[in-house]
Amino acid sequence: MEQAEKRKKHRISVTLCIALAAIEIAAFYLCAKSMVSPAAAMQAAGMKIVLDAGHGGIDGGVTGRTSGVKESDLNLEITYLTAEKFREAGFEAALTRKTDEGLYGAATTGFKKRDMKKRKEIIEEERPAAVISVHQNFYPSSFSRGGQVFYLKGSEEGAVLAEHLQIAFNALYGGKGVKKRTKATGDFFMLSCSAYPSALVECGFLSNPKDEALLLTDDFKRAVADAIVQGTIAYLSSVSA
């Protein structure tokens, strides 16, 4: 078992060595425009990432305090942009929810449980290197801002993944005058439904007018997607060391 684990880490290390250089090169572009890693940099890796657009269908999640935008719609838009950027970087990207509908079938009693069960089944079928669930935050006070990343308590890999994603989100919002946030544990189904490294990202606060305005723009949605990709690649590089 120990030798198998060493071989696994060595294989990941080899396939990600080019990605490390790609991240450094992309740092300049992250400041100037959206980060896109060269597709050839990660093609050999063949790694799969599952992206989960939270909510959907009759479960719209929270809504923007000013615009009334549905969280479920923003989640899906950002998820598609993130999947595109992962594919450009040579990864495989699988989505749990691909439309504005939920995954529960008929909107009858127990729909939420059926929806969660289907997401779990997709993750287990895909056997990903990481799972990222995309959401938007909301707080009674309108002052809270920034991206917040959650992981399952007791999951070492989840904690490392969340840490790298949080660093990327802090960098994203740092230029907007937003204070740094720290990763946090969360009791969310998408974090505990499988054994794969998982994180839930709250991309911003729809209860804050500045965050909400940013999240309604295409440029910032792409920047959020960049942050998710950058943080995930940094995580994969760290666990292969």
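Numbers at a glance
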{"quantity": "DSSP beta bridges in the stretch 102-220 [antiparallel fraction, %, rounded to 5]", "calculated": "25"}
{"quantity": "Under-5 Å amide H pairs with A130, H placed in peptide plane, nonlocal only", "calculated": "V50"}
{"quantity": "Percent accessible area from carbon and sulfur atoms, the stretch 89-163, protein chains only, probe 1.4 Å", "calculated": "53"}
{"quantity": "Normalised contact order of the stretch 57-99, rounded percent, pairs of Cα under 8 Å and 6 or more residues apart", "calculated": "25"}
{"quantity": "Cross-link table K113/K180; K48/K210; K183/K221, entries beyond 29 Å C-alpha to C-alpha", "calculated": "K113/K180; K48/K210"}
{"quantity": "Spin-label model distance (nm) - E84 vs K113, 7 Å beyond Cα toward Cβ", "calculated": "3.9"}
{"quantity": "Label-zone membership for the stretch 169-195, site R127, 7 angstrom Cα→C-beta point, backbone N under 20 Å", "calculated": "193-195"}
{"quantity": "Modelled label reach - K48, point 7 Å along Cα→Cβ, the stretch 126-165 residues with backbone N closer than 11 Å", "calculated": "126-130"}
{"quantity": "Rel. contact order, % - alpha carbon contacts under 8 angstrom, at least six apart, the stretch 67-131", "calculated": "23"}
{"quantity": "Cβ-derived FRET efficiency at R0 22 Å, A195 paired with D100, nearest 0.05", "calculated": "0.15"}
{"quantity": "The stretch 199-241: trypsin sites (Lys or Arg not before Pro) falling in loop per DSSP and having at most 13 other Cβ within 10 Å", "calculated": "none"}
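The values are calculated or read from the model by the stated rules, or taken from the named source; none is laboratory data. What you are looking at is a predicted structure, and each value in this text was computed from that prediction instead of being measured. For neighbour counting, all protein chains shown are included, and Cβ atoms are generated from backbone atoms with ideal geometry for every residue, glycine included. What goes into the accessible areas is simple: the full protein's heavy atoms, side chains included, and nothing from ligands, DNA or RNA. Shrake-Rupley method; radii C 1.70, N 1.55, O 1.52, S 1.80 Å.
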